[in-house]
Amino acid sequence: MPDSTRELPVISVYRKLLRDGTPLLDVRAPVEFEKGAFPDTTNLPLLADEERHQIGIEYKEEGHDAAVDLGKELISGEIKDARVAAWIEYVKAHPEGALYCFRGGMRSRITQMWIEEATGIAYPRIEGGYKALRRYLVDQLEDEIPQQIDPVVIGGRTGVGKTRLLVTLPYFVDLEGLACHRGSAFGNYAIPQPTQIDFENSLAIELIRLIDSGHQAFAVEDESRNVGRVHVNQELHDRFASAPLVILEASLDERVEITFDEYVTEALAEFTNLHGDDTGFDAWKSYVIDAFTRIRRRLGGERHQIMMQQIETAMQLHQNQNRPDTHKAWIADLLENYYDPMYDYQLSKKQERIIFSGNREAAAEFLTTRLSR
């Protein structure tokens, strides 16, 4: 691969870069990108996974120069032309962007140089690459952000509509939205959750944007540390767990309707949009039954068996007679016999943090006033 002593621009101001949503060209291999990246990022690799693997072996066995020679051989001719063409298209579409590789080293310098040779555009690369950006965000999450924020937490029984309230407020962080999970045993979406790294990166950037815009006070839902299979880092979770608590209240009937909308109407639509009507229904049914299987121990064998029969009956009536409302029976049972006892126990340990309790309208007014001060 080529080498050059030409000086091309380098960016080292990470906070502004990430906060402002600068378009980022990631030239790492796809396998690296899949493990973790940043919002507003496009992966157009210099090396495909197999090429990177071969060069890595060559480096270990024969040394740096041999690895560079192999790289020149692998990335040449039509392969090189196609990759440069893709970068040029990206650069022209995102002239305000920047590029990076893992450490800001050879791969990003080569990409930068080939773009400049083909277009005359000195497209900037990020000093330290992905590793430096990632380290910056981890340090922010663990050390800086917990000391800079003033959150207020929205709590309440399952089904009261905490997320629905949250997203109407002037300043908020939607942990469930970032985690692509509804935050309960039945919280899976039809699409996979992000990786832990992607979740942390998105969360850190969201918080940095709030802080830098002068909105250290914001609302967040009362979540456990785990949101599905991703989790909030301990330092930030501890900050949320000590913040003032607003309790959102709703009747059981209201909660059943909201839960029905989320667990049945919305969830089924996600699965059918992804898989088609028949396959989507079967996939959604499996998701519901799997979720019930996971909570069997907490429910107890007899209660679990009763509720499973309710679900099976509701599924048959829904699919064969178009009677989705029959799901409301098991939803009410689930709320009263599974979620509410857990909530009562957890709330008993948070009494000293409660600063307000009320229905959606009252809670919205209280929170909007508090966050707008």
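Of note:
- Residue check, A267 among the aliphatic types (A, V, I, L, M) and either outside the structural domain of Y189 (by TED's automatic domain parsing) or out of contact with any strand residue (DSSP E or B) (no Cβ under 9 Å at 6 or more places or on another chain) (or both): no
- Some residue of region 37-44 being more than 28 Å from I208 (Cβ to Cβ) and of a type outside the set (A, V, I, L, M, F, W, C): no
- Residue in region 316-331 that is in the same structural domain as G156 (by TED's automatic domain parsing), closer than 17 Å to V220 by Cα and outside any helix (DSSP H, G or I) present: no
- Residues of region 148-190 that are more than 14 Å from the chain's Cα centre (by Cα) and in a strand (DSSP E or B): D150, P151, V152, V153, I154, G155, F172.
- Residue count for region 201-227, restricted to those that are out of contact with any strand residue (DSSP E or B) (no Cβ under 8 Å at 6 or more places or on another chain) and over 23 Å from L335 (Cβ atoms): 11
- Extreme residue, farthest from the chain's Cα centre (by Cα), among residues of region 270-310 that are part of a loop (DSSP other than H, G, I, E, B) and free of Cβ contacts under 8 Å to residues at least 12 places away in the same chain: G300
- Sole residue being within 30 Å of I355 (Cα to Cα) and not small (G, A, S), chosen from F292, F281, F260, F271: F260
- Any hit, region 354-372, residues being touching a residue at least 40 places away in the same chain (Cβ under 8 Å), part of a helix (DSSP H, G or I), loosely packed, with under 15 Cβ neighbours inside 10 Å and under 29 Å from the mean Cα position of the chain (by Cα): yes
- Out of E50, E117, one residue alone is surrounded by 12 or more Cβ atoms within 10 Å (Cβ to Cβ), of a type in the set (D, E, K, R) and either touching a Pro at 6+ places or on another chain (Cβ under 6 Å) or without any contact (Cβ under 8 Å) to a residue 24 or more places away in the chain (or both). It is E117.
This table checks each residue for (1) in a helix (DSSP H, G or I); (2) of a type in the set (D, E); (3) at pLDDT below 95.
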position	(1), (2), (3)
E32	yes, yes, no
P39	no, no, yes
T42	no, no, no
P45	no, no, no
R52	yes, no, yes
G56	yes, no, yes
Y59	yes, no, yes
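- Within region 234-256, the set of residues being charged (D, E, K, R) and free of Cβ contacts under 8 Å to residues at least 12 places away in the same chain comprises just one member, D253.
- Filtering T265, T279, T272, T293 for residues that are in contact with a Gly (Cβ under 8 Å, 6 or more places away or on another chain) and of a type in the set (S, T, Y) leaves a single hit, T272.
The values are calculated or read from the model by the stated rules, or taken from the named source; none is laboratory data. This one's a predicted model, so the numbers in the text were calculated from it and none came from an experiment. Every residue, glycine as well, gets a Cβ built from its backbone with ideal geometry; the counts of neighbours run over all protein chains shown.
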